[in-house]
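The values are calculated or read from the model by the stated rules, or taken from the named source; none is laboratory data. Everything numeric in this text was worked out from a predicted model, so none of it was measured. Neighbour counts are summed over all protein chains in view; Cβ atoms, including those assigned to glycine, are modelled from backbone coordinates with ideal geometry. For accessibility, only protein heavy atoms count, side chains too; no ligands or nucleic acids. Shrake-Rupley method; radii C 1.70, N 1.55, O 1.52, S 1.80 Å.
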Amino acid sequence: MNQAIYSKITDALVDDGYIVIENAISKNLSHLLLQDAKIESNFRRAGISNFPALHIDTNRRRDKIHWLDDDGSVRSEFLAFADGLKEYLNKTLFLVLTYYESHYAIYNTGDFYETHVDAFKNSVNRVVTTVYYLNEGWREGDGGELVIYDEHNNFLKKVPPKANTLVVFLSEKFPHEVLPAIKKRYSIAGWFRVDKVA
Ligand SMILES: O=C(O)CCC(=O)C(=O)O
Ligand SMILES: [Fe+2]
């Protein structure tokens, strides 16, 4: 059922290293995830490094996050989509992605994430990044766009965080940033990794 989108993502990762897909998975799924994120009360300040201990720097990153578990809720539906993509990438690109970690993120008004690359220092475990947006009725001026740069820090693309838009890119290759949110912004950021579950 998801073969078409899996194959589109795989081709893009090979050709360009990244892809932005609007109306990607299902409007209904992104709606249910938004409702679910809105009632989740346990969001914490996100870290920028997990070595040697969780380091929080609100000058670089201001979002709040909540990690997703395969708990039988709508979160499991999203994780099943990601798991299918993992299997597809492994099969077609001969990768050995072992697992997927993902979290809801909330950016309140004024929150941002400075330009960074998605691999914690002293580890090379994150191979492919996904970001899935949940913001219904997002309009120009609401802020919170994702800006993607190439390996040489040249501008590539500015992505509006609209509901059911999916972004996938090679984690080590593309610096990116989240511009300050004007309106409260909801998303799921996730990473396919090559190491074992912690
Ligand atoms: O939400 C986004 O657009 C990107 C978030 C991000 O870069 C991250 O959490 O590492
Ligand atoms: Fe990132």
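Key figures
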read-out: Estimated inter-spin distance, Asn154 and Asp71, nm [label 7 Å along Cα→Cβ]; value: 4.5 nm
read-out: Local electrostatic count at Glu101 - Lys and Arg +1, Asp and Glu -1, tallied over other residues with Cβ under 11 Å; value: 0
read-out: Calculated FRET efficiency for the pair Glu140/Asn108, C-beta based, R₀ 30 Å, to 0.05; value: 0.95
read-out: Carbon + sulfur, % of accessible area of the chain - ligands and nucleic acids excluded, 1.4 Å; value: 51 percent
read-out: Per-peptide average of other Cβ atoms within 10 Å, ordering 177-186, 90-99, 144-153 highest first; value: 177-186, 144-153, 90-99
read-out: Lysines whose Cα lies under 27 Å from that of Lys91, excluding same-chain neighbours fewer than 8 positions away; value: Lys8, Lys173, Lys196
read-out: Estimated translational D of the chain in µm²/s (Stokes, Kirkwood radius over Cα pairs; 25 °C; 0.890 mPa s); value: 145 µm²/s
read-out: Amide hydrogen neighbours beyond the local backbone of Trp138, cut-off 5 Å, H modeled; value: Ala163
read-out: Relative contact order computed over the stretch 134-187 (Cα-Cα under 8 Å; 6+ residues apart), in percent; value: 50 percent
read-out: Two-site FRET efficiency, Phe94 against Ala4, from Cβ-Cβ distance with R₀ of 25 Å, rounded to 0.05; value: 0.75
